[in-house]
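Asks: Mind looking over this structure? Questions follow.
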Amino acid sequence: MKTKLQLLSTALAAAALATCHADEEDATGVKFSAGADFRIRQEIMANLPGLPGDAYSQTPSVRAKSRNQLRMRPRVYFSAESGPFTLYARIADEFRHYPTLDVSRHSRAYYFPDEVFLDNLYLEGRGLEWDVLAGLGVSAVDFRLGRQDLFVGGHSVFGLDRIIAEPTPTDGSRSFYSDMARARLHFGETRHLDVFAMYNSGRSDLRFGTSRSRGRSLNCINMSDTNDLDEWGGGLVYSETALDGALPFKLYSIFKRTESHTTQSPAPRERPAREISCLGIWAEPRFSDVWSAEFETARQFGRILDGNRQAGGWMVHAELKCRPGFLEGVKGVLSSAVTYYSGDRHRTGKDDNDTSWDPMWGRYTQDSEMLVYGSLYENCWWSNMVYAKAKLTMTFGPRHAMYFYTGPMFAAVRDGLGHADGSGSGYKGLLTAARYDFPIRLAPPGAEGFDRIEIVAHVVGELFNPGGYYESGRPAYFVRWQLDFKF
């Protein structure tokens, strides 16, 4: 097995080098393309507060209060394009090194070479015209069928970053794929309707790798959940740019079912299936060249399938943006925002309804790279939170930008989970974050062969000063550097 894995890793590296001779068209008119990228990042964090008031919640003790990890992710893609149709495939791997972890290599998660898995495989069609739909006002149809990413270019493919972006939260940014069928029906230039259905298995079955990587959970809620936590659902997202571009908005209806599964620690507990329907609206009114806003609100309706318990909560996001003249040269934006996710005062109570916000497929690093590791309800579970922040963003050129934001965070309701004795205030703490992205080498337009190589990088830092909601008052920090190579 070891020899096979070494050969597979060598083949992956060789394929990456071979992609420098990509983009060829055969005699039939089919255009073939190939490429690769390699990401290396180091993340260091410490002093993250947990939720000792909920024994089953994701706590830093599970993933270590202090962490120093080096993550390496190679990916290789191949595509074939003919007319409006594209067939795309991508395989990936991620292996990690822990510089300060004093255990044997085989006892560590994601030890080299870990596993090669099918990251994307889909068929896409764009700009299709069907007479049967023309009578309904549909001018064109796009579709994508198969394994595909929900999160592309830093945003949800549906433009709903707080609702549907990450179907595999447990492996972090290693993957963002979902097995999904989606179609976009265009009604002219300013309106379209997205229709989608997806299924997310709790484990990666299309993979080849080490025995320790086999059966790893991809979407667990608690870090000790079994890997049979499958999720599925679908929905409609209607998008329109009204008032000559001054009022982009979206209306959406999304359904999600989380199947029953078992949490093993601190004692085995069955977690029943859960169904959530979410109705919402998003809008970004533009008042002038200087002032704009963003607003989103959603209401959930659902049930926990172990009786007659209700589930689902509220979400509201409101943000005011200003593009002042003195920042015009760097495309600067100053903004102030408030995000609210409902909570439940008795969320851990037996036979209790759950009125807290269910993050749906929004379980990723929304406002913090650090807090998702142990300071939320569950693994990447954004809920029971009010976060008010001031933010500055600037863009200096292609792949060259920065942001800074800071603000207080509160619990929507005082649930006592931050203290072992159930006490604590509603003030969670002050979160501050900054990130700087910069290019090292960008490929010129139309580049071929080795001229296609691009190298970009970023550094990010976060500081969290815990409030009375948490037992720990020690400032927590997170830092990361990253290099991305694209071939």
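The values are calculated or read from the model by the stated rules, or taken from the named source; none is laboratory data. In this text, all values refer to a predicted model and were calculated from it rather than measured experimentally. Glycine gets a Cβ as well: all are built from the backbone with ideal geometry, and neighbour counts include every protein chain shown. These accessible areas exclude ligands, DNA and RNA; they are computed on the full protein's heavy atoms, side chains included. Shrake-Rupley method; radii C 1.70, N 1.55, O 1.52, S 1.80 Å.
Asks: Please report the Cα spread of the stretch 350-410 along all three principal axes, rounded to whole Å, starting with the longest.
Replies: 54, 22, 17
Asks: Alpha carbons only, please: Rg and Dmax for the chain, in angstrom.
Replies: Here Rg and the maximum Cα pair distance are 23.1, 73 Å.
Asks: Within the chain, how many lysine pairs that are 8 or more places apart, or on different chains, have C-alpha atoms less than 22 Å apart?
Replies: Number of lysine pairs found: 10.
Asks: How much accessible surface area, in Å² rounded to 10, belongs to the heavy atoms of PHE295 with a 1.4 Å probe?
Replies: 90 Å²
Asks: On the protein heavy atoms, probe 1.4 angstrom, tell me the percent of accessible surface of the stretch 188-227 carried by carbon and sulfur. Working shown, then result.
Replies: Working: 940 of 1800 Å².
Its accessible area is 52 percent carbon and sulfur atoms.
Asks: Show me the ranking of peptides 382-389, 469-476 by mean Cβ neighbours inside 10 Å, starting with the highest. Before the final figure, lay out each step's value.
Replies: Numbers: 382-389: 21.6, 469-476: 18.6.
Sorting 382-389, 469-476 by mean packing, highest first, produces 382-389, 469-476.
Asks: Roughly speaking, what is the centre-to-centre gap between the stretch 310-380 and the stretch 178-242 when only Cα atoms are used, to the nearest Å?
Replies: 20 Å
Asks: Would you mind working out the magnitude of the charge dipole of the chain relative to its Cα centre, with +1 at each Lys and Arg C-beta and -1 at each Asp and Glu C-beta, to the nearest 20 Debye? Intermediate values should be presented prior to the final figure.
Replies: Numbers: 56 positive and 59 negative charges, 280 e Å.
The calculation lands at about 1340 debye.
Asks: Which order do the peptides 162-174, 126-138 come out in when sorted by mean C-beta neighbours inside 10 angstrom, highest first?
Replies: Numbers: 162-174: 22.9, 126-138: 11.4.
Packing proxy ranking, top to bottom: 162-174, 126-138.
Asks: Accessible area of TYR98, 1.4 Å probe, to the nearest 10 Å²?
Replies: Ignoring ligands and nucleic acids, TYR98 comes out at about 20 Å².
Asks: While we're looking at this one, here's another question. Taking θ as phi - 60°, what are the ³J(HN,Hα) couplings along the stretch 412-429 by the Karplus curve (6.51, -1.76, 1.60), each to the nearest whole Hz, with x for Gly and Pro?
Replies: Ordered by residue, 3J(HN,Hα) equals 5, 9, 7, 9, x, 6, x, 10, 5, 8, x, 8, x, 8, x, 8, 7, x Hz.
Asks: Also, quick follow-up: Which value, in nm² and rounded to one decimal, describes the direction-averaged projected area of the C-alpha convex hull of the stretch 139-246? The partial results should precede the final answer.
Replies: On the way: hull surface 32.4 nm².
Quarter of the Cα hull surface area: 8.1 nm².
Asks: When the gyration tensor of the stretch 367-447 is built from Cα positions, what are the square roots of 5 times its three eigenvalues, in whole Å, from largest to smallest? Write out the running numbers ahead of the final one.
Replies: Numbers: eigenvalues 273, 39, 15 Å².
Over the Cα atoms of the stretch 367-447, the ellipsoid semi-axes are 37, 14, 9 Å.
Asks: Suppose a student asked you for the relative contact order of the chain, using Cα pairs under 8 Å spaced at least 6 residues apart; what percent would you report? Intermediate values should be presented prior to the final figure.
Replies: Details: 1319 pairs, mean separation 67.2, N = 487.
Once divided by the residue count of the chain, the mean separation gives 14 percent.
Asks: When ligands, DNA and RNA are left out and all protein chains stay put, how many square angstrom of accessible area per residue does the chain have with a 1.4 Å probe?
Replies: Values: 21860 Å² over 487 residues.
Computed with neighbouring chains in place, this is 45 Å² per residue.
Asks: Another one. In the stretch 186-292, which trypsin sites (Lys or Arg not before Pro) fall in coil by DSSP and have 12 or fewer other Cβ atoms within 10 Å? List each step's numbers first, then the result.
Replies: Working: sites: ARG191, ARG203, ARG207, ARG212, ARG214, ARG216, LYS250, LYS256, ARG257, ARG269, ARG274, ARG286; in loops: ARG212, ARG214, ARG216.
Answer by residue number: there is no such site.
Asks: Still on this structure, I have one more. Using the Karplus equation 6.51 cos²θ - 1.76 cosθ + 1.60 (θ = phi - 60°), what ³J(HN,Hα) coupling, rounded to whole Hz, does each residue of the stretch 335-341 give in order, writing x for Gly and Pro?
Replies: Computed from phi, the couplings for the stretch 335-341 are 8, 10, 9, 10, 10, 10, 10 Hz.
Asks: Which GluC sites (Glu not before Pro) in the stretch 397-469 sit in a loop by DSSP (not H, G, I, E or B) and have at most 16 other Cβ atoms within 10 Å of their own Cβ?
Replies: Those that pass, being in a loop and sparsely packed, are GLU448.
Asks: From the helices alone, meaning DSSP H stretches of at least four residues, give me the mean residue ellipticity at 222 nm for the chain, per-run term -39500 (n - 2.57), in deg cm²/dmol to the nearest 500. Could the numbers behind the result be given before it?
Replies: Values: 3 runs with 25 residues, N = 487.
Here the helix-only value at 222 nm equals -1500 deg cm²/dmol.
Asks: Determine the distance separating the Cα centre of the stretch 396-457 from the Cα centre of the stretch 113-176; give it in Å without decimals.
Replies: Measuring centre to centre over Cα atoms gives 23 Å.
Asks: Compute, for SER368, the solvent-accessible surface of its heavy atoms (probe 1.4 Å) with the complete set of protein chains present, and express it in square angstrom to the nearest 10.
Replies: 0 Å²
Asks: What are the ³J(HN,Hα) couplings of the stretch 237-249, residue after residue, when phi is run through the Karplus curve with 6.51, -1.76, 1.60 and θ = phi - 60°? Round to Hz, x for glycine and proline.
Replies: Those phi angles translate into 10, 9, 10, 8, 10, 9, 6, 6, x, 7, 9, x, 8 Hz.
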